1. Looking only at segment 424-449, how many residues end up being under 20 Å from residue 349 (Cα atoms) and either at pLDDT below 95 or surrounded by fewer than 23 Cβ atoms within 10 Å (Cβ to Cβ) (or both)?
2. Is it the case that segment 95-110 has a residue that's in contact (Cβ under 8 Å) with a residue 24 or more places away in the chain, loosely packed, with under 12 Cβ neighbours inside 10 Å and assigned by TED's automatic domain parsing to the domain that holds residue 194?
3. Can you report the number of residues in segment 259-277 which are in contact with a strand residue (DSSP E or B) (Cβ under 7 Å, 6 or more places away or on another chain) and either in a loop (DSSP other than H, G, I, E, B) or surrounded by fewer than 13 Cβ atoms within 10 Å (Cβ to Cβ) (or both)?
4. If you check 280, 214, which single one turns out to be under 24 Å from residue 125 (Cα atoms) and either assigned by TED's automatic domain parsing to the domain that holds residue 65 or in a helix (DSSP H, G or I) (or both)?
5. For segment 40-50, check the following and say yes or no: at least one residue is surrounded by 12 or more Cβ atoms within 10 Å (Cβ to Cβ), farther than 17 Å from residue 324 by Cβ and touching a helix residue (DSSP H, G or I) at 6+ places or on another chain (Cβ under 8 Å).
6. Among 244, 195, which is touching a strand residue (DSSP E or B) at 6+ places or on another chain (Cβ under 8 Å), in contact (Cβ under 8 Å) with a residue 40 or more places away in the chain and not assigned by TED's automatic domain parsing to the domain that holds residue 414?
7. Of the residues in segment 1-51, how many are assigned to a helix (DSSP H, G or I), under 24 Å from the mean Cα position of the chain (by Cα) and farther than 22 Å from residue 318 by Cα?
8. What is the one condition in (1) at pLDDT below 90; (2) surrounded by fewer than 19 Cβ atoms within 10 Å (Cβ to Cβ); (3) over 28 Å from residue 442 (Cα atoms) that residue 74 does not satisfy?
């Protein structure tokens with residue numbers, strides 16, 4: 001009954017689902033990659049892992065341990081060799097803006113610092129390559145703008161991209177990059193699929209653009225590191241050939257380089273499906289845990305001494321800007337993001353031909369719309385203390401009451417008052433409270449309200 005009040009799913013449905021999952025053999029939970037992107041994300045994932053363990057679905061065909069994919073047992077596609085970084089300090093990727101703004105306040109416990117007790121300095125030089133994360137794809141855009149506007153903090157930003165993205169407008173140096181059609185390479189495949197691809201060059205790079213490797217190696221030359229960096233490979237195609245040769249020593253069924261290039265890829269024939277943890281269960285091999293067993297109770301997490309956010313066992317916690325946050329009295333709608341069919345993340349949002357496929361909109365339930373006198377297609381403002389987004393309303397019963405949704409990836413486009421008019425969800429998302437363990441992004445935990453646009 002307590003869960004019904006939070007999620008809106010009836011007690012009968014919750015109990016029926018629990019019984020069906022517990023009595024179905026095998027049964028698999030595939031949570032995807034969005035469940036953990038909330039302000040309490042690790043607790044949700046830990047709960048699904050516990051369910052898998054309690055019902056005997058770990059290490060059996062057709063079961064699952066709450067992972068997202070099934071590995072195929074092949075090596076990952078080749079990549080340029082990465083030299084060892086002499087500096088061992090690490091921060092979670094989501095915490096980069098705080099590492100610029102107030103590095104002196106960061107700690108291992110609260111901010112996920114690794115191999116260091118404190119930041120020796122803030123980030124002073126930032127390279128952003130083939131990424132719109134500098135502004136568009138990072139939470140709380142208005143606060144990120146504040147941080148980047150203070151040039152005494154991050155003193156230099158170098159960005160390389162194909163288009164003049166919202167992030168590119170905040171860089172000190174913008175370097176034009178070629179598209180995938182202008183560069184020969186071996187692209188990554190999704191997870192551990194059973195094939196590798198070769199992407200041939202269709203045309204020479206346009207407008208004097210350079211693949212990032214080609215200018216980074218010149219920086220290496222000025223640092224007297226050219227030979228160590230290139231290792232005899234003058235371009236990405238040379239590296240691809242070198243790495244492919246190394247891959248063939250492990251994947252012996254792969255064809256010769258020229259045949260691989262000519263065919264554009266290779267589909268593996270030897271495709272053993274790996275069942276994660278099968279040998280642990282069937283052969284009694286210890287798990288990689290402190291006890292060597294499946295641990296539903298984690299002493300390591302318990303010892304973090306953070307009982308308000310993470311416990312020794314996975315239980316429900318009230319989360320920041322979740323359904324039980326007192327802030328709902330001010331901002332009553334839970335806003336989540338979703339992937340739209342018109343783009344991948346923020347790629348090609350500027351392509352106007354895609355507007356017909358899926359125009360920007362905020363999904364809102366008819367009851368919530370009626371309460372606010374909002375009509376379908378009407379321009380509304382979605383807002384909270386972090387900012388305002390002006391966007392058409394999509395009134396639909398395909399979303400539950402009390403929740404609204406906006407696709408992620410819309411290019412941040414502020415008007416003269418700083419109101420986004422494109423549907424950039426990260427105007428409204430938060431950075432001050434990352435996930436409790438990994439310190440990752442909580443971008444589906446947002447409380448907002450929606451009002452008719454009066455201007």
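The values are calculated or read from the model by the stated rules, or taken from the named source; none is laboratory data. Here the structure is a predicted model, which is why all the values come from computation and not from measurement. Heads up, the Cβs are rebuilt from the backbone with ideal geometry, glycines too, and the neighbour counts pull from every protein chain shown.
1. If we filter segment 424-449 for residues that are under 20 Å from residue 349 (Cα atoms), which is where we start, we get 424-429, 443.
Applying the additional criterion that residues be either at pLDDT below 95 or surrounded by fewer than 23 Cβ atoms within 10 Å (Cβ to Cβ) (or both) yields 443.
Count: 1.
2. Yes, segment 95-110 contains at least one residue that is in contact (Cβ under 8 Å) with a residue 24 or more places away in the chain, loosely packed, with under 12 Cβ neighbours inside 10 Å and assigned by TED's automatic domain parsing to the domain that holds residue 194.
3. 3
4. Values: 280 fails: under 24 Å from residue 125 (Cα atoms).
Within the list 280, 214, the selection yields 214.
5. No, segment 40-50 has no match at all.
6. 195
7. 0
8. (2)
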